[in-house]
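Presented below is the structure to which this report refers.
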Amino acid sequence: MVTSVEAGIDSILLNDLTEKIKAQYYPNIHSVLIAQHGKVFYEQYFAGADENYGRSIGYFPHTDTMLHDLRSITKSIVSALIGIAIGKGILKSVEQRIKGFFPEYEFQGGKACWTIEHFLTMTTGLEWNEKLPYNHPANDEIRMTLCEDPAGFVLNRSLSAYPGEKFNYNGGATQVLAEIIERTSHTSIDRFAKEYLFDSMGILEFEWNKYSAWGGSDKFAAPSGLRLTSRDLMKIGLLYYHGGIWNDKRILDTGWITESFSRKIEFPSDFIAGNDAYGYQFWTWQDNLLGKNIKMVAAMGNGGQNIYWDMKNELIVVVTSGNYNRWDIKNDPQAILKNHIYPSLSIIE
């Protein structure tokens, strides 16, 4: 790890960030890692209360070797696995029709037109409500969690829009993508990830929760069940920064990363002036930081789990937190970006 001085960073601001996290100005932050130009120059861990897939595991100091819930960052990992499957010829392309993978179901009307891309971009057109809290029994992801056939629960929902027309956040779409990988590779999603992604990157420890933890099926929770260390999460960030290459070995196609980070579908933002956008299970938006327009890409998870990319400024930020199902926190990871990280850098527009 290079020092902030070597990286040309304002270390006073970063020291202030560390103290503010310890003082709970930024509440229950567990780790912050910052890399620029491919080098990590800040890595700090903090004490805080945490959970494992919705179950409290207590209050303790977090470290570089501890696994942490990724929640919906898991979706972005599943996206990477789809890209790997296409690169290896296990899948043909994002244009493949969904119905070909699920012969036991009927696909009528707009459903007959469903492609892998509709599920990557969450433009399935399905009736699906994840705007309710994730501890609410009517939240559709929670309902899926308790089903014996999670993918079937998704595929059998009614359409409220024609596929491709409208973004609607849908963890069920990710579950279907994972099921496609399992059916075509003839292996479980965790083993596929281990063989084709994690082992290649030296990610030796991980955990992928199943719905059976909450009384559901024995399926792996594709939208939210993965746990990695913060250092390994930064490895994922650096893999995308390096165009899909890790230690001189190609893992992801560069074109796949470009498509994953692109603005596939836009919609009004709840957080900034203008629109947010979604790529292949990644969020992207234009933000104004220090008076400059910055293109941000992020993998984001409930509770304050984030990988941020600013590719123009060659910046990657990893944050893990324990603020699950708390949507009222203003001093969140994005506030850390705006108040401390970007002011400490020399950035370009």
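The values are calculated or read from the model by the stated rules, or taken from the named source; none is laboratory data. Fair warning: this is a prediction, and the values are worked out from it, not measured in the lab. With ideal geometry, Cβ positions are generated from the backbone for all residues, glycine too; neighbour counts draw on all protein chains shown. Quick note on the areas: whole protein, heavy atoms, side chains included, nothing else; ligands and nucleic acids left out. Shrake-Rupley method; radii C 1.70, N 1.55, O 1.52, S 1.80 Å.
Here are the numbers for this structure:
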read-out	value
Residues within the stretch 32-52 that are within 21 Å of the chain's Cα centre (by Cα), more than 19 Å from residue 22 (Cα to Cα) and surrounded by fewer than 20 Cβ atoms within 10 Å (Cβ to Cβ), tallied	4
Filtered residue count, the stretch 309-324, keeping only those that are part of a strand (DSSP E or B) and free of Cβ contacts under 8 Å to residues at least 60 places away in the same chain	1
Cβ-Cβ under 9 Å pairs, at least 6 apart or on other chains, the stretch 261-275 side within 16 Å of residue 122 (Cα to Cα), far side at pLDDT below 85 and of a type in the set (D, E, K, R)	none
Qualifying residue in the stretch 209-223 (condition: under 25 Å from residue 39 (Cα atoms) and either assigned to a loop (DSSP other than H, G, I, E, B) or open to solvent by less than 60 Å² (accessible area, probe 1.4 Å) (or both))	no
Candidates 275, 293, 288, 331 - the one that is modelled with pLDDT of 95 or more and of a type outside the set (Phe, Trp, Tyr)	331
Residue 8 vs. criteria loosely packed, with under 14 Cβ neighbours inside 10 Å, out of contact with any helix residue (DSSP H, G or I) (no Cβ under 7 Å at 6 or more places or on another chain) and either farther than 24 Å from residue 314 by Cβ or modelled with pLDDT under 95 (or both)	yes
The stretch 265-282, residues that are in a loop (DSSP other than H, G, I, E, B) and either surrounded by 21 or more Cβ atoms within 10 Å (Cβ to Cβ) or among the small types (Gly, Ala, Ser) (or both)	269, 273, 274, 279, 280, 281, 282
Which numbered condition residue 192 fails, given (1) within 27 Å of residue 267 (Cα to Cα); (2) open to solvent by less than 10 Å² (accessible area, probe 1.4 Å); (3) assigned to a helix (DSSP H, G or I); (4) not charged (D, E, K, R)	(1)
Residue in the stretch 195-213 that is within 18 Å of residue 302 (Cβ to Cβ) and at pLDDT below 95 present	yes
Residues located in the stretch 337-349, provided they are open to solvent by 50 Å² or more (accessible area, probe 1.4 Å) and assigned to a helix (DSSP H, G or I)	338, 339
Checking residue 101 against (1) farther than 30 Å from residue 215 by Cα; (2) crowded, with 17+ Cβ neighbours inside 10 Å, the condition it does not meet	(1)
Top-ranked residue in the stretch 104-142 [being in a loop (DSSP other than H, G, I, E, B) and touching a residue at least 60 places away in the same chain (Cβ under 8 Å); ranked as surrounded by the fewest Cβ atoms within 10 Å (Cβ to Cβ)]	135
Tally of residues being in contact (Cβ under 8 Å) with a residue 24 or more places away in the chain and in contact with a helix residue (DSSP H, G or I) (Cβ under 6 Å, 6 or more places away or on another chain) across the stretch 83-101	7
Residue 155 being surrounded by fewer than 15 Cβ atoms within 10 Å (Cβ to Cβ), among the aliphatic types (A, V, I, L, M), over 23 Å from residue 283 (Cβ atoms) and in contact with a Phe, Trp or Tyr (Cβ under 8 Å, 6 or more places away or on another chain)	no
Check on residue 314, touching a strand residue (DSSP E or B) at 6+ places or on another chain (Cβ under 7 Å), modelled with pLDDT under 95, open to solvent by 20 Å² or more (accessible area, probe 1.4 Å) and of a type in the set (Asp, Glu)	no
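The rows are residues; the columns are (1) open to solvent by 10 Å² or more (accessible area, probe 1.4 Å); (2) under 22 Å from residue 27 (Cβ atoms).
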site: 295; (1), (2): yes, no
site: 301; (1), (2): yes, yes
site: 309; (1), (2): no, no
site: 320; (1), (2): no, yes
site: 325; (1), (2): yes, yes
site: 331; (1), (2): yes, yes
site: 335; (1), (2): yes, yes
